[in-house]
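Step one of this worksheet: look at the structure below.
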Amino acid sequence: MAVTIIKILCVVVACMVVSAPYAEAAITCGQVVSKMLPCLAYLRTGGAVPVPCCSGLKSLKAATKATPDRKTACGCLKTASAAYSGINPSNAVGLPAKCGVNLPFKFSPDIDCSKVH
């Protein structure tokens, strides 16, 4: 339990550092990570996507209507995916479609978030 909390705090701090260039964004890495935590088990193992995961993804899309917010969310997700071990890239790429959410960027560790519009 304590290790998980420490990991979450590390991800939040790392996301804050990554989002510094996008200071005008209204969304924070803490908010992004919080919305996506219900997806962690699915991202690792696949199977059925939990309802709270899709709710978080829909909430994330609603909170990222402006380009600076999308760039920040992209950077936060990229940093978080590197911090949490065992995430299956195929599960990440397919998650928005499974939730019926069309995001303006891919869930991919290879994405260049500076090109997100």
* Residue identified as farther than 26 Å from LYS115 by Cβ and not polar (S, T, N, Q) among GLY75, GLY47 -> GLY47
* Is there any pair linking a residue in region 92-117 that is farther than 14 Å from LYS61 by Cα to one that is open to solvent by 80 Å² or more (accessible area, probe 1.4 Å) and of a type outside the set (Ser, Thr, Tyr), with Cβ under 8 Å and at least six apart or on different chains, and which? -> VAL93/LYS106; PRO109/ALA82
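Quick check on my filter: what residues within region 69-117 are part of a loop (DSSP other than H, G, I, E, B) and open to solvent by less than 50 Å² (accessible area, probe 1.4 Å)? Give the derivation first.
We begin by selecting, within region 69-117, every residue part of a loop (DSSP other than H, G, I, E, B); these are 84-88, 100-112, 116-117.
TYR84, ILE87, VAL101, LEU103, PHE105, PHE107, SER108, ILE111, VAL116 - these are the residues of region 69-117 that are part of a loop (DSSP other than H, G, I, E, B) and open to solvent by less than 50 Å² (accessible area, probe 1.4 Å).
The values are calculated or read from the model by the stated rules, or taken from the named source; none is laboratory data. Remember, predicted model here, so these are calculated numbers, not experimental data. Methodologically, a virtual Cβ is constructed for each residue, glycine included, from the backbone with ideal geometry; neighbour enumeration extends over all protein chains shown. Protein only, heavy atoms only, side chains kept; ligands, DNA and RNA dropped before computing areas. Shrake-Rupley method; radii C 1.70, N 1.55, O 1.52, S 1.80 Å.
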